[in-house]
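The values are calculated or read from the model by the stated rules, or taken from the named source; none is laboratory data. In this text, all values refer to a predicted model and were calculated from it rather than measured experimentally. Here the Cβ positions follow ideal geometry from the backbone for every residue, glycine too, while neighbour counts run over all protein chains shown. Side chains are part of the model used for accessible areas, which takes the heavy atoms of the whole protein and leaves out ligands, DNA and RNA. Shrake-Rupley method; radii C 1.70, N 1.55, O 1.52, S 1.80 Å.
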Amino acid sequence: MKKFLKTTSLLLMCALFLAGCGNLQNSSLSSGGGDSSKGTVQTTSSTDSSNYDVLLSSGKYKTSPIDGITAADNTNQFNSRSFESGLMNLSKKQFSTNSYVFQEGQVLSASTVTDWLGRKTKKNPDGLNPESNGSTDATKRNPMYFQQMLEEDYLQKQNGKYKLTGMSIGIAMNKIDYYQKKQYGATYKTTITEEQQKEQGQRIAQEVVKRLRKNSKVGNIPIVVGLYSVAPEDTLVGGTYFQYSISKSDGLGNWADLGYKNQMLPTVNGETAISSSDSDAFTNFKSHIQDYFPNLSGVTAQAHYDGTSLKSMDITINTQFDGLAQVTSFTQFVQQSASKYLPSGADLDINIQTVDSQQAVVTRTGGKFYSHVYNAD
């Protein structure tokens, strides 16, 4: 098992939670099935009702002990953010932002998840990946299906204490399993079909819920379980959740299919655009800002869809200038151009950067723009 630091992703998530927060509210914490733990906790008070207030412990944000644990390395860093943000969006279907506060998962331990992500062996009977059949042939070997796990906790205030009353679990399933026939040797890959992802994902989810129910901290609280397809290393977008289910007290309910898709714009390798109108809009935006500031080294976007409906765009603009006046003028121009050319119904995150540093950010959430130039007094 390998654990890597997701510094950028963590900072992005913390910023998402803490931006726009008002006063901190003090309270005691009750963990799990009603067991109280001593100490004082605080919650952030978000001004955006679409986001959760966040539970802080002694004024500090608590990270999950299983954060970043994977069955194997995957160099596609876009997976990390979409894995986390996607599960939170699924959670909002069950746990209202007006009724629950959020905390990164504190129930599962690093050692437990490490065992679960491993292959099932005599030494590791808890492994949820299948036993090795001894083959190293790409089409005959038993691949590693289960790549990563994510826990999110949702709490409610009861009798002056915060109690764990909901949980969400992300199950990340490989689309490509990368492996080596010998240590430090060449890398090979086994392709996993959508049907295999669903079959194995549902099997793993059932077992995970069964094990969680035996934990006294969990008891009979609702558990949202999402199955996530890990994007391969050679793609420029993150993966997506493809199914989810809710466990009310014991097993899982029916599985609901999700139509989420991600696509890079401009499209590459002859890929057909999910929406030609969205693709054309981005092309017009890109051309407009490059005409105004020709010394741009790249403008790309990740477009996020639910079916054929565009939900959001993450746009990266790489520049070759550092002057504050240039960056400020360009940031204003980008915001004006985004308002004019990009689809009006989609949320936007536009990062303006050089190779070495972040220069500015332009966002649009709920139709409202916000921009910030870094290092500007």
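Under 17 Å from the Cα of residue 161, which lysines turn up, not counting those fewer than eight places away in the same chain?
Excluding near neighbours in sequence, the set is 38, 217.
If you keep only loop residues by DSSP, which GluC sites (Glu not before Pro) in the range 97-182 have at most 14 other Cβ atoms within 10 Å of their Cβ?
Working: sites: 104, 131, 151, 152; in loops: 131.
Here the sparse-neighbourhood loop sites are 131.
Pick from 343, 232, 125 the residue whose mean-square fluctuation is largest in a GNM of the chain, springs joining Cα atoms under 10 Å.
Of 343, 232, 125, the most mobile in the Gaussian network model is 125.
Tell me the net charge near residue 338. Cut-off is 13 Å between Cβ atoms, residue 338 excluded, with +1 for each Lys or Arg and -1 for each Asp or Glu.
Numbers: positive: 286, 340, 364, 368; negative: 314, 347, 349.
Overall, the nearby charge balance is +1.
Once neighbouring chains are kept in place and the probe is 1.4 Å, which whole percent of the accessible area of the range 68-223 is contributed by carbon and sulfur? Please report the intermediate quantities before stating the final value.
Details: 3290 of 7380 Å².
Reported share for carbon and sulfur atoms: 45 percent.
Defining a contact as two alpha carbons under 8 Å apart and six or more residues distant in sequence, what relative contact order in percent does the chain show? Provide the component values of the computation, followed by the final result.
Details: 760 pairs, mean separation 42.0, N = 377.
Contact order relative to length: 11 percent.
Ignoring solvent entirely, what values of log10 I(q)/I(0) come out of the Debye formula for the range 94-233 at 0.11, 0.16, 0.17, 0.18 Å⁻¹ when each Cα is a single scatterer?
Ignoring solvent entirely, the Cα scatterers give -0.48, -0.88, -0.96, -1.04.
Give 175/340; 120/182; 175/248; 120/157; 92/122 a once-over and call out the pairs whose C-alpha atoms are over 31 Å from each other. Walk me through the intermediate numbers first.
Values: 175/340 38 Å; 120/182 20 Å; 175/248 29 Å; 120/157 40 Å; 92/122 40 Å.
Too far apart for the 31 Å limit: 175/340; 120/157; 92/122.
Let me understand the chain better: what is its radius of gyration from the alpha carbons, and its Dmax, in angstrom?
22.1, 64
Counting only other residues whose beta carbon sits under 11 Å from that of residue 98, what net charge do I get with K and R as +1, D and E as -1? Intermediate results must be reported in sequence, preceding the final value.
Numbers: positive: 92; negative: 53.
That sum, taken over residues with Cβ under 11 Å, equals 0.
Determine the calculated [θ] at 222 nm for the chain from helices alone, applying -39500 (n - 2.57) to every DSSP H run no shorter than 4 residues and normalising by the residue count; nearest 500 deg cm²/dmol. It would help to have the intermediate numbers written out before the result.
Details: 6 runs with 89 residues, N = 377.
So the calculated ellipticity at 222 nm is -7500 deg cm²/dmol.
With a cut-off of at most 12 other beta carbons within 10 Å, and DSSP calling the residue loop, which chymotrypsin sites (Phe, Trp or Tyr not before Pro) in the range 219-313 qualify? Please list them. Please report the intermediate quantities before stating the final value.
Working: sites: 228, 241, 242, 244, 255, 260, 282, 285, 292, 305; in loops: 255.
Here no loop site has a sparse enough neighbourhood.
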